[in-house]
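These notes are about the structure you will find just below.
The values are calculated or read from the model by the stated rules, or taken from the named source; none is laboratory data. Bear in mind the structure is a predicted one, so any value in this text is a computation, not a measurement. Methodologically, a virtual Cβ is constructed for each residue, glycine included, from the backbone with ideal geometry; neighbour enumeration extends over all protein chains shown.
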Amino acid sequence: MSRIGKKPIPIPKGVTVKIEGNTIAVQGPKGKLDTELPSGITIEQKDGIIVAVRQNDSQAALHGLARALVNNAVEGVTKGWTRELEIVGIGYRAEMKGKQMVVFNLGYSHPIEYPLPTGVDATVDPKQTKIALTGIDRQKVGQVAAEMRSLRPPDPYKNKGVRYAGERLKKKVGKTGAK
């Protein structure tokens, strides 16, 4: 049995959940999200909680996934999701250009302009080395963070580049001098 799939999801105050076939619409103080569920998994709503139910054991692999998707939507419309990035390296920095554009200087011969998709907001700290991405859709926030990190992933020798906040990196030893 799926331990995660069996856990009930409490519905916070101010959140409405509408179940229409395989789509669940969650609306809260921060916005509205539609979540598509895998076939074979149904969602039942009773006395302020949501429970994911599978029809038979062939959908066991998707049971926990469906529950996690609905839980992420409920948490997104109440608290929102945040992903933080750090920029490490001499001369490496980021700055906001308007509200929907982040400009990176990452040691290339040109600055890189990254347009933010709708639903994701970014803030850059005054030192221009930390970026905080926020939004209600966890998948979208994570995808934007991954794309920004891929602009200059941390190199294994000096660990310079764009990394997630709190990410632990293994530093490789450089080559030793030949005698």
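Residues in the stretch 127-150 that are in contact (Cβ under 8 Å) with a residue 24 or more places away in the chain and surrounded by 17 or more Cβ atoms within 10 Å (Cβ to Cβ): how many?
11
Tell me the residue from 136, 131 that is among the β-branched types (Val, Ile, Thr), over 11 Å from the mean Cα position of the chain (by Cα) and in the same structural domain as residue 88 (by TED's automatic domain parsing), please.
Numbers: 136 fails: over 11 Å from the mean Cα position of the chain (by Cα).
Every option except 131 fails the conditions.
Tell me which residues, restricted to the stretch 148-168, are over 22 Å from residue 103 (Cβ atoms) and within 20 Å of the chain's Cα centre (by Cα). Outline the logic, then answer.
Taking the stretch 148-168 first, the residues over 22 Å from residue 103 (Cβ atoms) are 156-159, 166-168.
Within the stretch 148-168, 166, 167, 168 meet the criteria.
Can you name the residue in the stretch 14-57 that is of a type in the set (D, E, K, R) and closer than 28 Å to residue 120 by Cα and, of all such residues, is surrounded by the most Cβ atoms within 10 Å (Cβ to Cβ)? If you could, list the steps in order and put the result at the bottom.
Of the stretch 14-57, the ones of a type in the set (D, E, K, R) are 18, 20, 30, 32, 34, 36, 44, 46-47, 54, 57.
Pick out the ones that are also closer than 28 Å to residue 120 by Cα and you get 18, 20, 30, 32, 34, 36.
Working: 18: 12, 20: 8, 30: 17, 32: 13, 34: 13, 36: 11.
Among them, the one singled out is 30.
Looking at (1) more than 30 Å from residue 168 (Cα to Cα); (2) without any contact (Cβ under 8 Å) to a residue 60 or more places away in the chain; (3) surrounded by 15 or more Cβ atoms within 10 Å (Cβ to Cβ), find the lone condition where residue 11 falls short.
(2)
Restricting the search to the stretch 104-117, which residues are surrounded by fewer than 16 Cβ atoms within 10 Å (Cβ to Cβ) and not in a loop (DSSP other than H, G, I, E, B)?
112, 113, 115, listed by residue number.
Could you please find all residues in the stretch 100-110 being in contact with a Leu (Cβ under 8 Å, 6 or more places away or on another chain) and free of Cβ contacts under 8 Å to residues at least 24 places away in the same chain? Give the derivation first.
At the first step, the residues of the stretch 100-110 found to be in contact with a Leu (Cβ under 8 Å, 6 or more places away or on another chain) are 100-102, 104, 106.
The answer is 100, 101.
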